[in-house]
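The values are calculated or read from the model by the stated rules, or taken from the named source; none is laboratory data. This structure is a prediction, so every number in the text was calculated from the model and none was measured. Glycine gets a Cβ as well: all are built from the backbone with ideal geometry, and neighbour counts include every protein chain shown.
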Amino acid sequence: MAHRLVDSISDYRNWLNEQELNDAQMDLRLLQLLDRLREDKLNVAFVAEFSRGKSELINAIFFAGYGQRLLPSSAGRTTMCPTELLYDASKPTSLQLLPVETRASDATTTEYKRYPEEWTVMPFDVEDSERMSAIFKEVSRTKRVPVEEAERYGLFDFNNADDALSVNSDGTVDIPCWRYAVINFPHPLLEQGLVILDTPGLNAIGTEPELTLNMLPNAHAVLFILAADTGVTKSEIDVWRRYISGTRWKQKGRLAVLNKIDGLWDELRDEVEVQSEIDKQIRSSAELLGLEQSQIFPISAQKGLLAKVSHDEDLLQRSGMPALELALSQELIPAKREIIRDNTSSEIEDLVAQSNLILEARLNSLNEQLEELRGLRGKNEDVIEHMMNKVKVDKEIFEKGLQRFQALRSVFSQQTNKLFTLLGMEALKVHVTNTRNTMISANFTKSIRSAMDGFFAELRDRLLQSDTQIEEIKRMMDAMYDKFAQEHGLRKAEPPSFSTLRYQKELAKLERAIESNSTLRST
């Protein structure tokens, strides 16, 4: 069944391309949808504002057996980078960390996952809880950098008042040391195919575009964590509606956790009064988020963790943790097919609706032209002259637009010509020929090696120059898309990004292979 669905979506994508109805955003959504259907995992994103107890909840669910908190959990922001929690039996238990410096490139986190050498790997023994606790602290580690460097990574905005207040007295700002983290850890839920995406606080979500454009939309389910003592805040509603709820989502796979209910426990009130207050919070949260009350889970992660560590069954039941864990293990995982079906159906409906809007606009335009032509039948010269004047005005508007388009095309042609000069096959052939001639005429091995080193150095330099050129083209395209959207009242489309990282990696691999071969020959 899944194969037939993948084939049908692929056919739909091909039809969109043939009818010129596709664009970069729609194609990206279709590719993400196809990838989601092919994988055998259930991705659940944990999303919360700072200090909602998200890390404590993960400790209570996955690490309570160690008798201590393994993930950093304290007041304020502890999760500084998106953290993926999964289990892959083919890989050793470890914490993998992607340096924050990689944010300076156009390559996405998903692309970097193909290059293990770019990650810092910290293996651990699941029997050594002290070592694990020390390693997991890395996800909350920060460092101080100049404001300009933070801005280059997209972690500082001079126009943002909150960012301006975060500047230290020496002109530096604190930023995460890592861009992304992956914890490979054996746990019964993770072994069943559950993958947890632990996101930073809501204010940090927008700084990692891949979270909002790829990871959150791609998650099969979302666990939205609230605090019972604050209720649903305005910022939480904004993030819920902007990134989580909407046309791409239905009821399946959306859960909310009302954490810190122990703050409502009051010895001066009886159990009935306390439960009444909790029920009131559940009703209010469900109404604001557009969920059923059965999708709101009141818990105390801190008391749940304490109960598991101290083996207090009464406290564990009162914490509400068993009900949430039951929903994760017996509802989400078995309902994976239904969740994927609903999400896929919603996504396809949205895409088809967009295609219909474009087709309707084309049809309406054709009908208008047809009606105008029919209206000319038997009309006098005045009407015909009026129509001719209208056509003339439309022609002038079109020609002005065409002139601007040609001017932009000329500029883009110049930019792409520069890019082809760096990456074009002709330039590469000339470089290869020159290097080959140098090597043939060389009398010593040192000269041959020098020629090869120069060859690779030149190619690396060309790729780096290309990155700069690509970034300039992308900025121009973005400005053009923005102007077009404003003039025609359309939704702005994002120009597709392009990265040379893959080619840089292949070039480095080839260079290492040649160096290794040369060393073997010389020995």
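Data table
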| read-out | value |
| --- | --- |
| Unique match (being surrounded by fewer than 18 Cβ atoms within 10 Å (Cβ to Cβ) and either in a loop (DSSP other than H, G, I, E, B) or modelled with pLDDT under 85 (or both)) among LEU268, LEU216 | LEU268 |
| Residue match in segment 432-446 (condition: free of Cβ contacts under 8 Å to residues at least 40 places away in the same chain and closer than 16 Å to LEU507 by Cβ) | yes |
| Residue count for segment 194-213, restricted to those that are at pLDDT below 60 and within 18 Å of GLU84 (Cβ to Cβ) | 8 |
| Residues within segment 38-69 that are among the aliphatic types (A, V, I, L, M) and over 17 Å from LEU255 (Cα atoms), tallied | 2 |
| Odd one out for VAL6 among (1) assigned to a strand (DSSP E or B); (2) modelled with pLDDT under 80 | (1) |
| Pair list, Cβ under 8 Å, 6 or more apart: segment 356-377 residue at pLDDT 80 or above, other residue outside any helix (DSSP H, G or I) and among the aliphatic types (A, V, I, L, M) | ILE358/LEU21; LEU359/LEU21 |
| Qualifying residue in segment 257-264 (condition: of a type in the set (Gly, Ala, Ser), surrounded by 16 or more Cβ atoms within 10 Å (Cβ to Cβ) and modelled with pLDDT under 85) | no |
| Sole residue being assigned by TED's automatic domain parsing to the domain that holds TYR481, closer than 27 Å to ASP467 by Cβ, of a type in the set (Val, Ile, Thr) and in contact with a Phe, Trp or Tyr (Cβ under 8 Å, 6 or more places away or on another chain), chosen from THR435, THR416 | THR435 |
| Residue identified as at pLDDT below 85 and under 17 Å from the mean Cα position of the chain (by Cα) among ASP163, ASP106, ASP157 | ASP106 |
| Filter result (out of contact with any helix residue (DSSP H, G or I) (no Cβ under 8 Å at 6 or more places or on another chain) and either at pLDDT below 85 or surrounded by 14 or more Cβ atoms within 10 Å (Cβ to Cβ) (or both)) within segment 142-153 | THR142, VAL145, VAL147, GLU149, ALA150, GLU151 |
| Enumeration of residues in segment 29-70 that are at pLDDT 80 or above, among the aliphatic types (A, V, I, L, M) and touching a Ser or Thr at 6+ places or on another chain (Cβ under 7 Å) | ALA45, VAL47, LEU70 |
| Residue in segment 237-250 that is crowded, with 17+ Cβ neighbours inside 10 Å, aliphatic (A, V, I, L, M) and modelled with pLDDT under 85 present | yes |
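Rundown of residues vs (1) in the same structural domain as LEU31 (by TED's automatic domain parsing); (2) buried (at least 19 other Cβ atoms within 10 Å of the Cβ); (3) in contact (Cβ under 8 Å) with a residue 24 or more places away in the chain, yes/no style:
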site	(1), (2), (3)
VAL126	no, no, yes
ARG131	no, no, no
SER140	no, yes, yes
PHE158	no, no, no
ASN168	no, no, yes
GLY171	no, no, yes
PRO176	no, yes, yes
ILE196	no, yes, yes
PRO200	no, yes, yes
